Structures are given as structure tokens and as C-alpha cells.
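Trainee: The structure is given below, and queries will be raised subsequently.
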Amino acid sequence: MAAVALPRLVLASASPRRLALLQQIGIEPIALIPTDLDETPERNEAPRALAARLASEKAVAAQAIVSRRPELEGSFIIAADTVVAVGRRVLPKCEIRDDVAHCLGLLSGRAHRVFTGVAMITPSGKRRERLVESRLRFKRLSGREMERYIASDEWRGKAGGYAIQGLAAMFVARLVGSYTGVVGLPLHETAALLDGEGFPLMQSGLADA
């Protein structure tokens, strides 16, 4: 008896971290569709609002692309955005050494928050969203620790200049919230969104026929 074709999913990101997280819970996206958006905060926009807005805009932008590709018709779309903030200050995605040096100086010995917005669009066009907040505290960093970390280049392209799953894990003295959310895609909330709309979790190993 032929197996029923499973729903498909498009990840609106080129992030290898988000892809690996989906794969961790048995989901293999049919396509990766990164979106090119201006991620500049709007005037007086709070960090949590920024994360939610960008996730939503990424999902909508990916939906427009999916609508032009017949082979992706009927797919669920998942998008996410992660914002690192100290107070109301949004830390940049670091591209130069001055950026990461500034971020490390702000984070050293202090608490900060990571907001990750997740947006889903179903094949019928229904939109659902979640926002996850995590609180972290870095140890006080010595000048030598900062210099060694900056020399690693691991910070490039990372919000706040660090990835918790990398070398900077040794700096995190405390985490309250979602580890996977800090990585870039909160799995509990993402799975709940998909499950709530009928996406069959833990069945990606079944072959279509």
C-alpha cells in the first residue's frame, strides 16, 4: 500500500544552525529560502518587538517566493529571527573586530536577554507566531579572554558577537530560558506551532511513494 505523502516544510533561512535544529527533531526541509531584509530597528522599537517583526517579515517574504515555485506548493513555512539585547540596546550582528570588542565589553559580567521570534505560515495561508525570551549572564571577561575569542573569528555574522553552541559557551555563567532559542530556533515552540496545525512530527523517516 502506497504511503501517504507527508507535508513539506520550507525554512526561510540559510542558517546551518537552524537547519541542524530542525533536523534534530526529524524535520528535513524541502528547501532553504533565505530572505534579504533590512534588519534595522524602527524608531523606539523594543528588542522583543524587533525579533517578532523580523520573523514575521521573513516568513511573508519566503511565502512570496514559494508562491512562484510550483514544486514548493503546499509547504509549511518557518522563519525565525534572534535579537540579543542589553537593556533596550540591540547588539549588532558583528562583522568587524570593533563590533565584537564593543559587544564583549557590554556583555562581560552582565545580564542580557535573547529574543527569538518564530513565524509559521501554513499551506492554507494561516499565520501563527511565537516569541521566546531567554536571560543569560556572562562571566567577567579578562582582556586576554576577549583577545583570544576575537582572534577565533567565530563571532562573525553572529548577533551580539557570539554563538552559545561555540567557544562562547565557556562565558555563559547562567541561562534561564530556551537554549535552542538562543542558538536560533526554539524547538519546543516551533514543534508546538507545527503540531497545532497538523504537521506530522517524528515521521520524516517515512518515505513518500
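The values are calculated or read from the model by the stated rules, or taken from the named source; none is laboratory data. What you see is a predicted model; the values in this text were computed from it and never measured. Cβ: placed from backbone, ideal geometry, glycine included. Neighbour counts: every protein chain shown.
Trainee: Hey, can you tell me all the residues within the range 69-102 that are within 17 Å of Asp36 (Cα to Cα) and outside any loop (DSSP other than H, G, I, E, B)?
Mentor: If the condition is that a residue be within 17 Å of Asp36 (Cα to Cα) and outside any loop (DSSP other than H, G, I, E, B), then Ile77, Ile78, Ala79, Ala80, Asp81, Thr82, Val83, Lys93 are the ones that fit.
Trainee: Would a scan of the range 139-147 turn up a residue that is surrounded by 15 or more Cβ atoms within 10 Å (Cβ to Cβ), under 20 Å from Val86 (Cβ atoms) and within 20 Å of the chain's Cα centre (by Cα)?
Mentor: Checked against the condition, which is being surrounded by 15 or more Cβ atoms within 10 Å (Cβ to Cβ), under 20 Å from Val86 (Cβ atoms) and within 20 Å of the chain's Cα centre (by Cα), the range 139-147 yields no hits at all.
Trainee: What are the residue pairs meeting all of these: first residue in the range 56-84, first residue buried (at least 17 other Cβ atoms within 10 Å of the Cβ), second residue of a type in the set (Ser, Thr, Tyr) and in a helix (DSSP H, G or I), Cβ atoms under 7 Å, and 6 or more apart or on different chains?
Mentor: Ile78/Thr190
Trainee: Would you call Gly87 at positive phi and without any contact (Cβ under 8 Å) to a residue 24 or more places away in the chain?
Mentor: Values: at positive phi: yes; without any contact (Cβ under 8 Å) to a residue 24 or more places away in the chain: yes.
When the stated conditions are applied, Gly87 passes them.
Trainee: Taking the range 105-161 on its own, how many of its residues are in a strand (DSSP E or B) and farther than 16 Å from Ala12 by Cβ?
Mentor: Selection size over the range 105-161: 14.
Trainee: I want to confirm something. Restricting to the range 8-43 and keeping residues that are of a type in the set (D, E, K, R) and more than 14 Å from the chain's Cα centre (by Cα), which single residue is surrounded by the fewest Cβ atoms within 10 Å (Cβ to Cβ)?
Mentor: That would be Arg43.
Trainee: Please state which of the following conditions Ala51 fails to meet, knowing it meets all the rest: (1) in contact with a Leu (Cβ under 9 Å, 6 or more places away or on another chain); (2) assigned to a loop (DSSP other than H, G, I, E, B); (3) surrounded by 13 or more Cβ atoms within 10 Å (Cβ to Cβ).
Mentor: Failing condition for Ala51: (2).
Trainee: So Arg53 clears everything in (1) under 23 Å from Gly125 (Cα atoms); (2) basic (Lys, Arg); (3) touching a strand residue (DSSP E or B) at 6+ places or on another chain (Cβ under 6 Å) except one condition, right? Which one?
Mentor: Just one mismatch for Arg53, condition (3).
Trainee: Here's something else I'd like to know. Working carefully through the options Leu206, Leu185, Leu201, find the one that is modelled with pLDDT of 95 or more and assigned to a loop (DSSP other than H, G, I, E, B). Explain how you work it out, then say what you get.
Mentor: Working: Leu206 fails: modelled with pLDDT of 95 or more; Leu201 fails: modelled with pLDDT of 95 or more.
Just one listed residue meets the conditions, Leu185.
Trainee: Identify all residues within the range 85-117 that are among the aliphatic types (A, V, I, L, M), surrounded by fewer than 16 Cβ atoms within 10 Å (Cβ to Cβ) and closer than 15 Å to Pro47 by Cβ; write none if there are none.
Mentor: Passing the criteria: only Ala111.
Trainee: When you scan the range 55-98, how many residues do you find that are farther than 30 Å from Arg137 by Cβ and not hydroxyl-bearing (Ser, Thr, Tyr)?
Mentor: 18
Trainee: Still on this structure, I have one more. Could you check Asn44 against (1) touching a residue at least 60 places away in the same chain (Cβ under 8 Å); (2) assigned to a loop (DSSP other than H, G, I, E, B) and say which number it fails?
Mentor: For Asn44, the exception is condition (1).
Trainee: Given the options Ala168, Ala191, Ala173, name the one that is at pLDDT 95 or above, under 24 Å from Arg48 (Cβ atoms) and not in a helix (DSSP H, G or I).
Mentor: Ala173
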